[in-house]
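To start, the structure itself, in structure tokens.
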Amino acid sequence: MLESLYTTAKRLDAQHWPFQEEFYLPEHGQVYLDGNSLGLLSKRAEEAVYHVMNDWKTYAIDGWTEGSEPWFYLASRLAGHAAPLIGAQQKETVITGSITANLHQLLATFYQPEGKRKKIVMEAGAFPTDSYVTDSWLKSAADKVEVAPREDRLLHEEDIEARLSDQTALVLLPSVLYRTGQRLDMKRLTEAAHAAGAVIGWDLAHSFGVMPHDLHDEGADFAVWCTYKYANGGPGATGGLFVHERHHQRHPALAGWFGSEQTKQFDMNTSFEPAADASAFQMGTPNILSMAPLLGSLQMLEEAGIDVIRSRSLELTAMLREGISFLQETDRRLQLLTPAACGGHLACSHPDAARIVKALKAEGVVPDFRAPDIIRLAPSPLYTRAADVTKALETLERILTNRSYEQYENKRGVIA
């Protein structure tokens, strides 16, 4: 392996970085590089869940207004931690629902086809949820404009801009493409969508908690995200949504009791009076036990600082990038897909990707596989050491050299 990688790893790991000690790391020296699918459990998240459970045990129904973290105000409290991570005002942010539920709410509200302006522009290779949701609100399949990556598997901003027209009603794009790790120019594309007379929403699933955003200043209309990846909120943790303050007069298309103005919520009026901010877009009762870990995990992200987290993430992915380039001398079929403009993970392709991932897991390295041929490697800045990156690269080099992956089937398992 390249000597420069070991030098970089030694330098990075010598720096004081206390957050790794707060996580329950895998046993037996396993290297976990799947934080862009599910982050690890932290002691702070565990403690936060304990406190909420204790309040339930102690106060029962009064836990909504009493205890260490009264549940009635929990969404607002968490929004205060999440807003700085996305460059938003607290009133524009709410922790609620899931990406799917929040997308349905926001598409129902913002997709307002009128006359010839009825098309939705999105990535052809979008995560399935985004496609399913948009299809649910389209009146015709012809109203969907999908922009496909080029042969280099990259989605070029100019190709998206070329598909915008006076027929575009809404644009829905990922901040970071989940397959390749490519980061899109959000400011440029937001301006382009608005210039075309369309609204634009962003899916931050693969960027929330690992890189900064400027949703308010850049003028994004809305955004959604999950919190179980780099935010380490746990499996099925409650997601979040952003609605720019200029849209706070919009009436949510899908009204629910918890979207009511809080001071009047218990007046029990049958006529919906929405809150004056993004919390109006909540629907059902908050999922308190799925929100509880975020009291610890979002606090940790805020304490570390999203700009510092981004800097550390880029250093770790730069190490991976250098190592993969070196490994291409061992196996030319290994191709790096992620451009310099990246999120928090790198993706590479190989004809035997599925079996390589199985071989890596058997040797204590946990990456991620995406059909048909993509290996995703995601160092999580809070808990991944630089030495973990070099160990993963050493293991991958050994597997490619010995072709030990050939003992496995080249297809994904039940969960991949």
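Summary of values
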| quantity | calculated |
| --- | --- |
| Residue in region 188-199 that is in contact with a Pro (Cβ under 9 Å, 6 or more places away or on another chain) and buried (at least 20 other Cβ atoms within 10 Å of the Cβ) present | no |
| The one condition in (1) assigned to a strand (DSSP E or B); (2) of a type in the set (Val, Ile, Thr); (3) under 19 Å from THR100 (Cα atoms) that THR134 fails to fulfil | (1) |
| Search result, residues across region 355-414 that are out of contact with any Cys (no Cβ under 8 Å at 6 or more places or on another chain) and part of a strand (DSSP E or B) | VAL365, VAL366, ASP368, PHE369, ARG370, ARG376, ALA378 |
| Residue that is farthest from the chain's Cα centre (by Cα), among those in region 362-413 that are within 19 Å of GLU322 (Cα to Cα) and among the small types (Gly, Ala, Ser) | ALA387 |
| Any hit, region 105-119, residues being surrounded by fewer than 17 Cβ atoms within 10 Å (Cβ to Cβ), closer than 23 Å to ALA195 by Cα, among the polar types (S, T, N, Q) and in the same structural domain as LYS187 (by TED's automatic domain parsing) | yes |
| Among residues of region 315-346, those that are within 19 Å of the chain's Cα centre (by Cα) and among the hydroxyl-bearing types (Ser, Thr, Tyr), counted | 2 |
| Boolean, THR129 is surrounded by fewer than 18 Cβ atoms within 10 Å (Cβ to Cβ), touching a strand residue (DSSP E or B) at 6+ places or on another chain (Cβ under 9 Å) and in the same structural domain as LEU215 (by TED's automatic domain parsing) | yes |
| Residues located in region 20-58, provided they are closer than 23 Å to THR390 by Cα, modelled with pLDDT of 95 or more and loosely packed, with under 14 Cβ neighbours inside 10 Å | TYR24 |
| Unique match (being touching a residue at least 60 places away in the same chain (Cβ under 8 Å), in contact with a Leu (Cβ under 7 Å, 6 or more places away or on another chain), hydroxyl-bearing (Ser, Thr, Tyr) and more than 28 Å from MET186 (Cβ to Cβ)) among THR395, THR338 | THR395 |
| Test set (1) farther than 22 Å from VAL133 by Cβ; (2) not in a helix (DSSP H, G or I) - GLU191 fails condition number | (2) |
| Residue that is nearest to the chain's Cα centre (by Cα), among those in region 264-314 that are under 24 Å from LYS229 (Cα atoms) and not in a helix (DSSP H, G or I) | GLY305 |
| Checklist (1) more than 17 Å from LYS229 (Cβ to Cβ); (2) touching a Leu at 6+ places or on another chain (Cβ under 8 Å) applied to HIS345, failing item | (1) |
| Which listed residue, of HIS28, HIS81, HIS51, HIS104, is more than 30 Å from HIS247 (Cα to Cα) and part of a helix (DSSP H, G or I) | HIS51 |
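The values are calculated or read from the model by the stated rules, or taken from the named source; none is laboratory data. What you are looking at is a predicted structure, and each value in this text was computed from that prediction instead of being measured. When we count neighbours, we look across all protein chains shown, and the Cβ atoms used for this are built from the backbone with ideal geometry, even at glycine.
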